[in-house]
């Protein structure tokens, strides 16, 4: 048990990454400013997924390691702990 | 010679129970550690299976909760983008025209990004420049 299955906890759709904001028409200033804002929103979403993915895998690995360590403990430590 | 044999026979008769006990003890000493080790390994494997199942269950719950929270956050982000867009388009100067050269350069730049490589408009632009 080395946490090898932890990556499988991540949603399949996250593997493709966050879909970017639609390309702007770019005819007016408003088009470009709105595009910049929408793309920043997508950046926030992507950063959020990165943090969440790392957190899910890290916590999963820690739980798996804890499970192995618990199973390996001697009977006295299991009794006390 | 007969005396020696008689002494040996008497000694053997006298110590026979002890010899038996010693042999049984020897057998136990040889077999017991391996048997104990085997039992201990099986118990550890069972404990590992149980602990792993509990960990897997908690990992699943954690992932579902985290992904659910991310989906809600992304919905809020998209909603904010829509609200912001309205405010931007209602702002004075939002309708000002952008020079077509800047527009083309901007779109061309975006089309060189991996994020838009497969975008339909980028494909058309590439086809038009060939």
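Every number here is computed from the coordinates shown, using simple stated rules; none is lab data. The shown structure was predicted, so the numbers you read here are calculated from the model rather than taken from an experiment. With ideal geometry, Cβ positions are generated from the backbone for all residues, glycine too; neighbour counts draw on all protein chains shown.
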Between helix A:29-72 and chain A, what is the angle of the helix's C-alpha long axis to the longest principal axis, kept within 0 to 90° and rounded to the nearest 10? 10 degrees
Rounded to the nearest Å, the spacing of the alpha-carbon centers of the stretch B:71-130 and the stretch A:1-75 is 24 Å
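If you take the alpha carbon radius of gyration of the stretch B:12-130 and divide it by 2.2 N^0.38 Å, what ratio comes out, to two decimals?
Normalised by 2.2 N^0.38 Å, the Cα Rg of the stretch B:12-130 equals 2.81.
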Inter-probe distance in nm under a simple model that places probes 7 Å from Cα toward Cβ, at residue B:12 and residue B:50: 5.3 nm
Take every residue in peptide A:12-18, count the Cβ atoms of other chains within 10 Å of its Cβ, and give the average of those counts. 1
What percent do you get for the relative contact order of chain A when only Cα pairs under 8 Å and 6+ apart count? 45 percent
Relative to the longest principal Cα axis of chain B, at what angle does helix B:2-90 sit, 0 to 90 degrees, rounded to 10? 10 degrees
Fluctuation leader among A:49, A:15, A:63 - chain A, Gaussian network, Cα springs under 10 angstrom: A:15
Along principal axes, Cα extents of the protein assembly as shown, largest first, whole Å: 130, 43, 17
Based only on Cα atoms, what Rg/Rh ratio does the stretch A:24-80 have, Rh being taken as Kirkwood's radius? 1.55
Roughly what angle does helix B:120-129 make with the longest principal axis of chain B, taking Cα atoms, 0 to 90 degrees, to the nearest 10? 60 degrees
